[in-house]
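Before we start, here is the structure in question, set down as structure tokens.
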């Protein structure tokens, strides 16, 4: 559920960025209009989102492979210790 909320929030943030016409992709719309790359901040935001998502997934897989080792969310401070 949290991942769905985060995904929706990121989509909404990305949709707020302006489209900046970049290079011609060589593709055309159904009506024949050329399709251009997005050279604006939305493209950079999308690339960074994908990069960090892959890093988080890799980290999660690494934590699942190491059984017996508590994940950061499972570590609790014991009373009397700093």
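Any chance you could count how many residues in the range 20-57 are surrounded by 12 or more Cβ atoms within 10 Å (Cβ to Cβ) and outside any helix (DSSP H, G or I)?
The number of residues fulfilling the criteria is 7.
Still on this structure, I have one more. With the requirement that a residue be touching a helix residue (DSSP H, G or I) at 6+ places or on another chain (Cβ under 9 Å) and over 29 Å from residue 56 (Cα atoms), what does the range 21-46 give you?
Of everything in the range 21-46, just one residue is touching a helix residue (DSSP H, G or I) at 6+ places or on another chain (Cβ under 9 Å) and over 29 Å from residue 56 (Cα atoms), namely 22.
Tally the residues that are over 13 Å from the mean Cα position of the chain (by Cα) and under 13 Å from residue 44 (Cα atoms), restricting the search to the range 1-15.
Our first condition is that a residue be over 13 Å from the mean Cα position of the chain (by Cα); within the range 1-15, this holds for 1-2, 15.
Retained after the next criterion (residues that are under 13 Å from residue 44 (Cα atoms)): 15.
Residues that pass the stated criteria total 1.
Mind checking whether some residue in the range 58-78 is at pLDDT below 95, outside any helix (DSSP H, G or I) and in contact with a strand residue (DSSP E or B) (Cβ under 6 Å, 6 or more places away or on another chain)? Spell out the reasoning first.
First pass over the range 58-78, keeping only residues at pLDDT below 95: 58-78.
Checking the rest, the ones that are also outside any helix (DSSP H, G or I) come to 66-71, 75-78.
Next, from what is left, pick out any that are in contact with a strand residue (DSSP E or B) (Cβ under 6 Å, 6 or more places away or on another chain): none.
No, the range 58-78 contains no residue that is at pLDDT below 95, outside any helix (DSSP H, G or I) and in contact with a strand residue (DSSP E or B) (Cβ under 6 Å, 6 or more places away or on another chain).
The values are calculated or read from the model by the stated rules, or taken from the named source; none is laboratory data. All values reported here derive from a predicted model rather than from experimental measurement. No Cβ is skipped: glycine too gets one built from the backbone with ideal geometry, and neighbour counts run over all protein chains shown.
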